[in-house]
Amino acid sequence: MTASTVPTSLPQTAPGLLVRGLTTTFDTSRGVAIAAADVDFDVAPGEVVGLVGESGSGKSVTLRSIMRLIREPGKVTGRVEWGGRDLVAMPAEELRRVRGGEIAMIFQEPMTALNPVLPIGAQIEENLVAHTDLNRRQRRERALELMNIVGIPAPERRLDEYPHQFSGGMRQRAMIAIALACSPKLLLADEPTTALDVTIQDQILKLLLDLRDRMAMSVVLVTHDLGVVAATCDRMAVMYAGRIVETGTVADVFACPNHPYTRGLLGSVPRSGQSRTMLQSIDGTPPNLTDLPDGCAFHPRCSFATEICLKQRPPLDLVGTDGRRAACHHHERVAAAEPIL
Ligand SMILES: Nc1ncnc2c1ncn2[C@@H]1O[C@H](COP(=O)(O)OP(=O)(O)OP(=O)(O)O)[C@@H](O)[C@H]1O
Ligand SMILES: [Mg+2]
């Protein structure tokens, strides 16, 4: 659909993606693991939202839940509204039309996402057949164009090669090409550039921002790299033990974390610029998702914790303007604390 054919009645401010109460649980031999709990966030058209948090905090589970890719014994509840429709409740047929077309995902593990018995070119083609009217010649041209964009050398030859013939970095690029094939309106990108060198990483992030500018593509970007968050994201959400504990504009959150976990993650890193700056690790062990502490799940690792934190889970409350939220009983104290040097 070109810009001129977009119905004028569509409210321009309508949020692209609206996630409400998204909760994902897995039955395990050790009990029920709550991998994502009551996750709420919005992504406006053309907005890039960074999702950060330590390993196991639920970032990938959240993206997979949005795409309805959680398999048994996993269970997903809550609402994921996209263009006014609920993806969680959407019939499978309709979901197939949305997935890969309007919404695409770049997976953290390229090998699990690529089909091992289909050449890369055919996998790009599959998407184009399902979601566009391009003819065979146009599809091949588009596939070549995508391979060039993501920096795969000798694309004519490589189109006919299988995933096992690609190196890890090349597989990741191929997956990005597949995800971008149909110019999605929403891209869920799970560590899309982690395995790539800095030059290609910059190129791909630039491409995502370009698509955002030209097509108002919305992006949820999972990354461990704070330099990437600072350089590419408009807003960010911080996850701990399956919950969003802080969210706001990147500028606000970097300037003054309101949650002790965010404060720890950001540590004393430079607060801007393009340099690679990985999340800091935090003292203490990540919680056991089948046996979370009462009250605030972060309290055993928190230097700000008091009695109330052991008993009452803090809600993700508004703590400022611009949708700034934090789930901490002591957010004012945290915001006022001396920066970590
Ligand atoms: N199929 C499953 N069965 C049981 N537990 C699962 C399953 N999938 C994910 N989990 C659990 O859910 C939790 C969150 O996992 P998730 O992959 O979302 O973490 P993450 O934040 O993406 O971490 P990373 O930064 O390492 O990618 C983990 O504790 C994981 O073990
Ligand atoms: Mg992950």
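Table for the structure above
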| read-out | value |
| --- | --- |
| Candidate aspartates and glutamates for bridging to Lys311, where Cα separation is under 13 Å - those fewer than 8 sequence places away on the same chain excluded | Asp294 |
| Peptides 252-258, 66-72 ordered by average Cβ neighbours within 10 Å, highest first | 252-258, 66-72 |
| Packing rank of 173-179, 211-217, where each peptide gets the mean count of other beta carbons within 10 Å, highest leading | 173-179, 211-217 |
| For Gly50, distant residues with modelled amide H under 5 Å away | Leu221, Asp234, Arg235, Met236, Ala237 |
| Overall dimensions of segment 186-249 as given by Cα atoms, namely Rg and Dmax in Å | 12.2, 36 |
| Relative contact order for segment 3-233, counting Cα pairs under 8 Å that sit 6 or more residues apart, in percent | 24 percent |
| Rg [Å, one decimal], Dmax [Å, integer] - the chain, C-alpha atoms | 20.5, 67 |
| For segment 47-131, average projected area of the Cα convex hull in nm² | 7.2 nm² |
| Rel. contact order, % - alpha carbon contacts under 8 angstrom, at least six apart, segment 257-336 | 33 percent |
| Cβ-Cβ FRET estimate between Gln165 and Ser281, R0 fixed at 41 Å, reported to 0.05 | 0.70 |
| Among 288-297, 50-59, 131-140, the order from most to least packed when residues are scored by Cβ within 10 Å on average | 50-59, 288-297, 131-140 |
| Globularity ratio of segment 290-334, using Cα Rg and 2.2 N^0.38 Å | 1.19 |
| Label-point separation in nm, Lys75 to Ala89, each point 7 Å along Cα→Cβ | 1.8 nm |
| Interchain or long-range residues, amide H under 5 Å from Asn258's placed H | none |
| Normalised alpha carbon radius of gyration of segment 257-336 [divisor 2.2 N^0.38 Å] | 1.18 |
| Reciprocal mean inverse distance between Cα atoms of segment 194-341 - Kirkwood radius, Å | 16.5 Å |
| Long-range tail of P(r) for segment 173-216 (Cα pairs > 14 Å, %) | 47 percent |
| Nonlocal amide H pairs with Arg324, under 5 Å, H built at 1.01 Å | Val319 |
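Read-outs: derived from the displayed coordinates by stated rules, not from any lab. A quick note: this is a predicted structure, and the numbers were derived from the prediction, not measured. Here the Cβ is made from the backbone with ideal geometry for all residues, glycine too, and neighbour counts use every protein chain on show.
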